[in-house]
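Bear in mind these aren't lab numbers, they're just calculated from the coordinates by the rules spelled out. Remember, predicted model here, so these are calculated numbers, not experimental data. We place every Cβ from the backbone using ideal geometry, glycine too, and count neighbours over all the protein chains shown.
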Amino acid sequence: MSLSCSKFFANFLFICICAGFISCHKNRGEDKPPVIPIDTGYIKPLVLQGKLVYHTYSCYSCNDSKLYLYDFGAKQFSCLSTGWDISNPMNAHFSPDGTRIVFMGTLSNQNDWNVFIYPIGSDSVPVNLTKGFTGRNEDPKFSPDGAKIVFKHNGILHEMDTTGAIIQSFILPQDEASMPYYTSDGSGILYAGSETGSSTLDISLLTVSTGISRFISSTPRVEEYYPIVRDDTSFLFTRWNDQTNRNDQVYMGFYDDRTPVRLPFNKPNDNYSDAYPVNDSILVLSGTQLGGRGQYDLYLADVKSGKIWSLNSYNPYINTTDNELGACYTSK
């Protein structure tokens with residue numbers, strides 16, 4: 001093939017790829033395709049066949065959050081929340097079989113937060129599981145068997161089934177309990193609770209059968225929150241760098257009370273949060289590091305080597321000039 005023919009073919013292929021993305025591109029409210037830097041940091045670290053759900057908003061108080069889904073195997077990108085009569089959908093979590101999500105949001109013209117369940121790919125609208133529970137219903141997570149959902153209602157943790165029927169409630173020693181997540185066997189629930197004598201949060205582990213909890217990561221006057229189970233022995237969470245440097249960093253904690261480990265991709269002048277496991281060594285997370293497209297971007301990070309890759313290496317429309325947060329991955 002001649003050089004001129006090679007150039008023509010390359011240009012034609014690029015135009016076709018851009019045309020395939022244009023509908024999603026317009027939905028993101030951008031006038032031009034994003035420019036992806038030619039950098040080895042954007043090389044895909046691994047081939048993924050699962051799905052990713054996350055939310056995007058322009059600012060925390062802007063009340064403009066939207067839910068997005070990216071299917072790595074099919075290379076399909078979509079805005080899940082288009083057409084829903086739900087404001088600020090966020091913090092979605094996949095069921096164990098990957099067929100459903102639960103998430104929090106508010107109904108239009110209402111102030112109460114509610115928990116919704118939605119079958120991926122369904123033409124129906126999400127079902128409100130907490131419509132009789134006024135107040136703030138937040139942070140829903142499926143149990144490992146997919147039969148239960150734990151969530152926070154006005155600072156108290158509750159379990160319900162997938163129809164919205166309350167199974168039990170947990171009265172805990174903290175004034176505020178939030179961001180619950182079941183352990184791998186479902187016998188415990190990790191959560192962030194207010195620190196004794198301080199407004200900051202610590203990580204606790206609740207035993208479901210007894211209702212008794214204990215601190216498993218408690219650094220004085222340092223915010224620790226957003227626990228996510230990694231495996232049978234460890235979990236991920238976000239915490240400040242230290243008492244004076246309040247940039248968020250991602251740590252790995254342990255159930256046997258070992259000292260939590262600060263993961264090697266963190267940089268003390270940037271923020272990293274909302275980490276979720278993809279496999280034994282790779283996480284998806286949000287970060288503000290130099291070279292990103294917006295405020296918080298989505299990255300993959302290696303917990304062993306510390307390498308980090310933008311998710312724009314898989315699709316150039318995932319990261320925007322807004323905040324991409326609350327990612328959850330399923331291999332199903």
Quiz item: Within a Cβ distance under 12 Å of Ser199, other residues only, what is the Lys/Arg minus Asp/Glu net charge?
Solution: -4
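With +1 on each Lys and Arg Cβ and -1 on each Asp and Glu Cβ, and nothing else charged, work out how big the dipole of the range 80-206 is about its Cα centre, in Debye to the nearest 20. If you can, show how the numbers build up before the last one.
Working: 6 positive and 14 negative charges, 40 e Å.
Value, rounded to 20: 200 debye.
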Quiz prompt | Among Leu201, Leu263, Ile228 the positive-end extreme of the charge dipole of the range 187-282 (Cβ point charges) | solution = Leu201
Quiz item: Summing +1 for each Lys or Arg and -1 for each Asp or Glu, what net charge is found among the other residues whose Cβ lies under 15 Å from the Cβ of Thr233?
Solution: -4
Quiz item: If you bin the C-alpha pair distances of the chain every 20 Å from 0, what whole percents do you get?
Solution: 31, 58, 10, 1
Self-check item: FRET efficiency for Ser87 and Asp231, using Cβ-Cβ distance with R0 set to 30 Å, rounded to 0.05
Solution: 0.25
Quiz item: Which value in nm describes the separation of the simple spin-label points at Asp161 and Ser61, placed 7 Å from the Cα toward the beta carbon?
Solution: 4.3 nm
Quiz item: trypsin sites (Lys or Arg not before Pro) within the range 178-282: which are DSSP loop residues with at most 14 other Cβ atoms inside 10 Å?
Solution: Arg221, Arg246, Arg258
Practice problem: Name the aspartates and glutamates eligible as straight-distance cross-link partners of Lys332: C-alpha to C-alpha under 17 Å, and not fewer than 8 places from it in the same chain. | Solution: Asp71, Asp97, Asp145, Asp280
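Give me the dipole magnitude in Debye, nearest 20, for the range 34-330 about the Cα centre, with unit charges on the beta carbon: positive for Lys and Arg, negative for Asp and Glu. Let's see the in-between values first.
Values: 21 positive and 32 negative charges, 80 e Å.
About 380 debye.
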Practice problem: Please give the helix 3-27 orientation as an angle from the longest Cα principal axis of the chain, in degrees from 0 to 90, rounded to the nearest 10. | Solution: 40 degrees
Quiz item: So which residue, out of Ser198, Ser81, Ser61, gets the largest mean-square fluctuation from a GNM of the chain using Cα contacts under 10 Å as springs?
Solution: Ser61
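Label the range 216-305 by shape, choosing from rounded, prolate and oblate, from the square roots a ≥ b ≥ c of the eigenvalues of the Cα gyration tensor; if a/c is under 1.5 it is rounded, and otherwise prolate applies when a/b is larger than b/c, oblate when it is not. Don't skip to the answer; put the middle values down first.
Numbers: a/c = 2.09, a/b = 1.17, b/c = 1.78.
Oblate.
Considering Cα pairs under 8 angstrom that are at least six residues apart, work out the relative contact order of the range 34-330 and quote it in whole percent.
Details: 769 pairs, mean separation 40.7, N = 297.
This gives 14 percent for the range 34-330.
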Quiz item: Can you list the HN-Hα couplings for the range 149-161, worked out from phi with the Karplus curve (6.51, -1.76, 1.60; θ = phi - 60°), rounded to whole Hz and with x for Gly and Pro?
Solution: 9, 9, 8, 9, 10, 6, x, 10, 8, 9, 10, 9, 7
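With charges set only on the Cβ (+1 for Lys and Arg, -1 for Asp and Glu), what does the dipole of the range 136-182 come to about its Cα centre, in debye to the nearest 20?
60 debye
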Quiz item: Stretched out fully, how many nm does the piece from Val125 to Ser281 gain, at 0.36 nm a residue minus the Cα gap?
Solution: 52.6 nm
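Mind checking the full-extension length gain between Lys267 and Asn247? Use 0.36 nm per residue of separation minus the Cα-Cα distance, one decimal, nm.
Value of the extension gain: 6.3 nm.
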